[in-house]
1. Please work out which one of (1) over 22 Å from LEU95 (Cβ atoms); (2) modelled with pLDDT of 95 or more is the condition PRO43 fails and give its number.
2. Please count how many residues of segment 124-142 are assigned to a helix (DSSP H, G or I) and surrounded by 23 or more Cβ atoms within 10 Å (Cβ to Cβ).
3. Only residues that are hydroxyl-bearing (Ser, Thr, Tyr), touching a residue at least 12 places away in the same chain (Cβ under 8 Å) and more than 20 Å from GLY83 (Cα to Cα): list them for segment 12-44, please.
4. Look at segment 165-176 and say how many of its residues are open to solvent by less than 10 Å² (accessible area, probe 1.4 Å) and either closer than 18 Å to ALA44 by Cβ or not small (Gly, Ala, Ser) (or both).
5. Is it the case that PHE152 is open to solvent by 20 Å² or more (accessible area, probe 1.4 Å), within 14 Å of the chain's Cα centre (by Cα) and touching a residue at least 12 places away in the same chain (Cβ under 8 Å)?
6. Identify the residue in segment 101-114 that is surrounded by 17 or more Cβ atoms within 10 Å (Cβ to Cβ) and under 19 Å from the mean Cα position of the chain (by Cα) and, among all such residues, is nearest to PHE150 (Cα to Cα).
7. Regarding segment 115-123, can at least one residue be identified that is surrounded by fewer than 20 Cβ atoms within 10 Å (Cβ to Cβ), out of contact with any Gly (no Cβ under 9 Å at 6 or more places or on another chain) and aromatic (Phe, Trp, Tyr)?
8. Among the candidates ILE188, ILE161, single out the residue that is touching a Leu at 6+ places or on another chain (Cβ under 8 Å), farther than 17 Å from LEU99 by Cβ, in contact (Cβ under 8 Å) with a residue 24 or more places away in the chain and open to solvent by 30 Å² or more (accessible area, probe 1.4 Å).
Amino acid sequence: MKLLKDGYVLKLAPRYAAFSLVFAFLWNSLIYNGAIALQSGRPALDMTTALEEAIPFQPGWIVVYFGCFLFWGVNYILISRRGQEVWFRFLTADLLAELICGLFFVFLPTTNVRPEIVSGGLFSQLTAWLYQIDPAKNLFPSIHCMASWFCFIGVRANRRIPLWYKVFNCVFALAVCASTLFLKQHCIPDVIAGLALAELCWFLAARTPLYRPIERIFTFKRK
């Protein structure tokens, strides 16, 4: 209950983070859709392995897959409240990771073969809709897995966050990774690359002054 009493989830983002939170969403959309436009018909690589073929298709995981959007929103606001410097270090890691993903999407296009959905159940219908709005492109690294792991990175070192919530974040982030495999949205190399990229970019942003230009841009600070 301490999490709610402190108002982490219920309060809106602090003033210094409000615009940058919106920009983070727009940046994600720009990178994802821009990469598709820039691929220019390049042949796509299928990284699916025999191990993925042994993983059964389970449309029920669509609940976790779609649930991560709420997960991201709550946690990014929560992380923004850790303080201005921490937030802009985190934001720098996030923007950098997205940019690197975009470069992979453009210069190393990837794809996979998704199963034919024949069941008429709710979960199957939602998965079929997902396939329709999200074609088998921009798979490596997995932004879904990367963003979910960033949520765990952002709370795991915060002493004001209770242990149960940190554990929940880790478990849910891993569940999102599993959902991408059970729904045949991604393959194992996509997942591993997404997690590794999040850790690498956070390592750089947390230990260097790389965040300072980003902070100046979004807070209109002068040198």
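1. It fails just one condition, (2).
2. Looking only at that region, the number is 1.
3. TYR32
4. Going through segment 165-176 one residue at a time, the tally reaches 2.
5. So PHE152 passes the test.
6. Restricting to residues being surrounded by 17 or more Cβ atoms within 10 Å (Cβ to Cβ) and under 19 Å from the mean Cα position of the chain (by Cα), the top hit is CYS101.
7. The answer is no; no qualifying residue exists.
8. ILE188
The values are calculated or read from the model by the stated rules, or taken from the named source; none is laboratory data. This is a predicted model, so every value here is computed, not measured. FYI the Cβ positions are ideal-geometry reconstructions off the backbone, even for glycines, and counts take in every protein chain you see. We work out accessible area using only protein heavy atoms, side chains counted, and drop any ligands, DNA or RNA first. Shrake-Rupley method; radii C 1.70, N 1.55, O 1.52, S 1.80 Å.
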